[in-house]
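Reviewing the structure listed below.
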Amino acid sequence: MIDWLNYRDGTLFAEGVSLRAIAERFGTPTYVYSRSAIAGAFAEFASAAAGRKALICYALKANSNLAVIELLARAGAGFDIVSEGELQRVLAAGGDAGRVVFSGVGKGAGEIRAALRAGVRCFNVESRSELQRLSDIASALGRRAPISLRVNPDVDAGTHPYISTGLRENKFGIAHDEAVDVYRFAAALPGIEIAGIDCHIGSQITEIAPFLAALERLLELIRTLRDAGIRLSHLDLGGGLGISYDAEQPPERRAMLAAIFARIDEDPLARELEILFEFGRSIVGNAGLLLTRVEYLKHNGAKRFAIIDAAMNDLMRPALYDAFHRIVPVTPRNAPDVVYDVVGPVCESGDWIGRDRALAIAEGDLLAVLSAGAYGMAMSSNYNTRPRAAEVLVDGTEPIEIRTRETIESLYALERRLPR
């Protein structure tokens, strides 16, 4: 069991709050997060980087709730964003634009202007065309855009193909063997200020070796760039450290950073650079769950289904990635387990949360879908005109509603009927 969850008197508690009490007060489905788990995960990274010239950034795409952002901003995090919307969330939560790196393969002109005016720390650039656009816009504003090139090191992260980003065939980044020429191109542009080098090879990585392989490729480039007269001020190694959903055994946060810093310490050029990281899932993934209720139990020939009130629009990962999330009863029953497919009410055969799960449950029971703090609410939608879930942050014995459940009326509030 995840350490911030425990059974007391036959009921599952999140920190010091009963999940049954949360369901009674806020309804279901509801995302529930642990403040101590989020803060503790970030603190492990920060402690491992203590005393070094380093910035631990939080990748907003994992979970962009304002309360989560504010919690991490107070702890000293930087932020990795991929849209103007995420930038506005950082600012609305009290974050500092000067600690923001702007990633993403398709930044729009309006997004670039907004980021330049806000004063983001750096743009992680992914193409020559983006460099030219950045230079043109920055020059028109009388500024220079600080950039790092996101280099694709052609390293296999050994993860799901949809979340692998460091191979030659992926859409992300600039090919390793083209990087020096692109840096020369950047150096000649009037609106560009070269700041660093960046890579991100994927997500849910459960070994240290791919990170070190990517680092090695970047260190080669840093030496080549120095010889070409291009000096950098930072090295951004991205994120991607995995979590345990089932039987995975990813390296500890401290162990990962220790291995990276050990290699950096061996390289005189790298020792001069500030080191940036962009972690998301590894900070919030195991700090959240999706609380849901069993609506119906259905026996359809050889198959049994537990139909719950959460669906693929609430938690997309199983349908999108064939992802596994542990599912546990909030109040376990003293009865034999039965094998169910746990499915939602959305009109799609792909609407499932878990397959072949052994559970002792009845209609009306509450279930907790674990390790749902990352890419759960952030990827949710209103498919089938379903309001998105509420979000609750548990702080010791206090449940704090950090997002109110949507109403059906709010879903079509921006729509208009025909004039005639």
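Got a sec? Which of Ile201, Ile192, Ile208, Ile197 is over 20 Å from Gly280 (Cα atoms) and in the same structural domain as Phe102 (by TED's automatic domain parsing)?
Residue meeting the stated conditions: Ile192.
What's the number of the only condition in (1) in the same structural domain as Arg388 (by TED's automatic domain parsing); (2) in contact (Cβ under 8 Å) with a residue 24 or more places away in the chain that Lys298 fails to meet?
Against the list (1) in the same structural domain as Arg388 (by TED's automatic domain parsing); (2) in contact (Cβ under 8 Å) with a residue 24 or more places away in the chain, Lys298 comes up short only on (2).
Quick check on my filter: what residues within region 264-299 are over 30 Å from Val394 (Cβ atoms) and more than 26 Å from the chain's Cα centre (by Cα)? Give the steps one after another, and end with the answer.
Start the filter on region 264-299 by keeping residues that are over 30 Å from Val394 (Cβ atoms), which leaves 264-276, 298-299.
Within region 264-299, Asp265, Glu266, Asp267, Pro268, Leu269, Ala270, Arg271, Glu272, Lys298, His299 meet the criteria.
Being buried (at least 21 other Cβ atoms within 10 Å of the Cβ) and within 21 Å of Ala114 (Cβ to Cβ) is the filter here, so list the residues in region 66-76 that pass it.
Passing the criteria: only Ile69.
Can you tell which of Arg89, Arg121, Arg113, Arg117 is basic (Lys, Arg), under 15 Å from the mean Cα position of the chain (by Cα), at pLDDT 95 or above and surrounded by fewer than 23 Cβ atoms within 10 Å (Cβ to Cβ)? Explain how you work it out, then say what you get.
Numbers: Arg121 fails: under 15 Å from the mean Cα position of the chain (by Cα); Arg113 fails: under 15 Å from the mean Cα position of the chain (by Cα); Arg117 fails: under 15 Å from the mean Cα position of the chain (by Cα).
From the options Arg89, Arg121, Arg113, Arg117, the qualifying one is Arg89.
Provide a single number: the residues in region 228-254 that are over 25 Å from Val68 (Cα atoms) and either surrounded by fewer than 20 Cβ atoms within 10 Å (Cβ to Cβ) or without any contact (Cβ under 8 Å) to a residue 40 or more places away in the chain (or both). Give the steps one after another, and end with the answer.
Step one: of region 228-254, the residues over 25 Å from Val68 (Cα atoms) are 228-235, 247-249.
Those still in the list that are either surrounded by fewer than 20 Cβ atoms within 10 Å (Cβ to Cβ) or without any contact (Cβ under 8 Å) to a residue 40 or more places away in the chain (or both) too: 228-231, 233, 247-249.
Counting residues in region 228-254 that are over 25 Å from Val68 (Cα atoms) and either surrounded by fewer than 20 Cβ atoms within 10 Å (Cβ to Cβ) or without any contact (Cβ under 8 Å) to a residue 40 or more places away in the chain (or both) gives 8.
Quick one: in region 255-282, which of the residues that are of a type in the set (Val, Ile, Thr) and in contact with a strand residue (DSSP E or B) (Cβ under 7 Å, 6 or more places away or on another chain) is nearest to Ser64 (Cα to Cα)? Give the steps one after another, and end with the answer.
Going residue by residue through region 255-282, those that are of a type in the set (Val, Ile, Thr) are 260, 264, 275.
Now narrow it down to the ones that are in contact with a strand residue (DSSP E or B) (Cβ under 7 Å, 6 or more places away or on another chain): 264, 275.
Details: Ile264: 31, Ile275: 24 Å.
Going through the qualifying residues, I end up with Ile275.
Take the residues in region 1-20 that are of a type in the set (Val, Ile, Thr) and more than 13 Å from Ser371 (Cα to Cα), then tell me which one is surrounded by the fewest Cβ atoms within 10 Å (Cβ to Cβ).
Let us first name the residues in region 1-20 that are of a type in the set (Val, Ile, Thr), namely 2, 11, 17.
Among the residues that remain, those that are also more than 13 Å from Ser371 (Cα to Cα) are: 11, 17.
Values: Thr11: 16, Val17: 20.
Within region 1-20, the match that is surrounded by the fewest Cβ atoms within 10 Å (Cβ to Cβ) is Thr11.
So, in region 33-48, of the ones that are in contact with a helix residue (DSSP H, G or I) (Cβ under 6 Å, 6 or more places away or on another chain) and among the aliphatic types (A, V, I, L, M), which residue ends up surrounded by the fewest Cβ atoms within 10 Å (Cβ to Cβ)? Talk me through it step by step, then tell me what you get.
Initially, region 33-48 is screened for residues in contact with a helix residue (DSSP H, G or I) (Cβ under 6 Å, 6 or more places away or on another chain), giving 33-34, 37-38, 41-42, 44-45, 48.
Next, from what is left, pick out any that are among the aliphatic types (A, V, I, L, M): 37-38, 41, 48.
Values: Ala37: 23, Ile38: 25, Ala41: 24, Ala48: 20.
Among those residues, the one meeting the criterion is Ala48.
For region 333-420, give me every one of the strands (runs of 3 or more DSSP E) that falls completely inside it and has 1 or more residues that are under 22 Å from the mean Cα position of the chain (by Cα) and modelled with pLDDT of 95 or more.
On the way: elements: 338-343, 352-359, 366-369, 390-395, 398-403.
In region 333-420, 352-359, 366-369, 390-395, 398-403 are the strands (runs of 3 or more DSSP E) which contain 1 or more residues that are under 22 Å from the mean Cα position of the chain (by Cα) and modelled with pLDDT of 95 or more.
Residue under question is Glu252, and the condition is that it be touching a Cys at 6+ places or on another chain (Cβ under 7 Å), under 30 Å from Asp395 (Cβ atoms) and not β-branched (Val, Ile, Thr); does it hold? Steps first, answer last, please.
Working: touching a Cys at 6+ places or on another chain (Cβ under 7 Å): no; under 30 Å from Asp395 (Cβ atoms): yes; not β-branched (Val, Ile, Thr): yes.
It is false that Glu252 is touching a Cys at 6+ places or on another chain (Cβ under 7 Å), under 30 Å from Asp395 (Cβ atoms) and not β-branched (Val, Ile, Thr).
Give me the strands (runs of 3 or more DSSP E) completely within region 185-290, filtered to those with at least 1 residues that are out of contact with any Gly (no Cβ under 9 Å at 6 or more places or on another chain), closer than 19 Å to Val100 by Cβ and not charged (D, E, K, R), ordered by residue number. First the steps, then the outcome.
Details: elements: 192-198, 234-236, 274-279.
By residue number, 192-198, 274-279.
When you go through Ala362, Ala390, Ala372 one by one, which is the residue that is farther than 17 Å from Ser34 by Cβ, in the same structural domain as Val17 (by TED's automatic domain parsing) and aliphatic (A, V, I, L, M)?
Ala362
Which of the residues that make up region 128-154 are surrounded by fewer than 23 Cβ atoms within 10 Å (Cβ to Cβ) and modelled with pLDDT under 95? Talk me through it step by step, then tell me what you get.
Start the filter on region 128-154 by keeping residues that are surrounded by fewer than 23 Cβ atoms within 10 Å (Cβ to Cβ), which leaves 128-130, 132-133, 135-137, 139-144, 146, 154.
Of everything in region 128-154, just one residue is surrounded by fewer than 23 Cβ atoms within 10 Å (Cβ to Cβ) and modelled with pLDDT under 95, namely Asp154.
The values are calculated or read from the model by the stated rules, or taken from the named source; none is laboratory data. Since the structure is predicted, the reported quantities are computational estimates derived from the model, not experimental observations. A quick note on method: Cβ atoms are made from the backbone with ideal geometry, for glycine too, and the neighbour counts reach across all protein chains shown.
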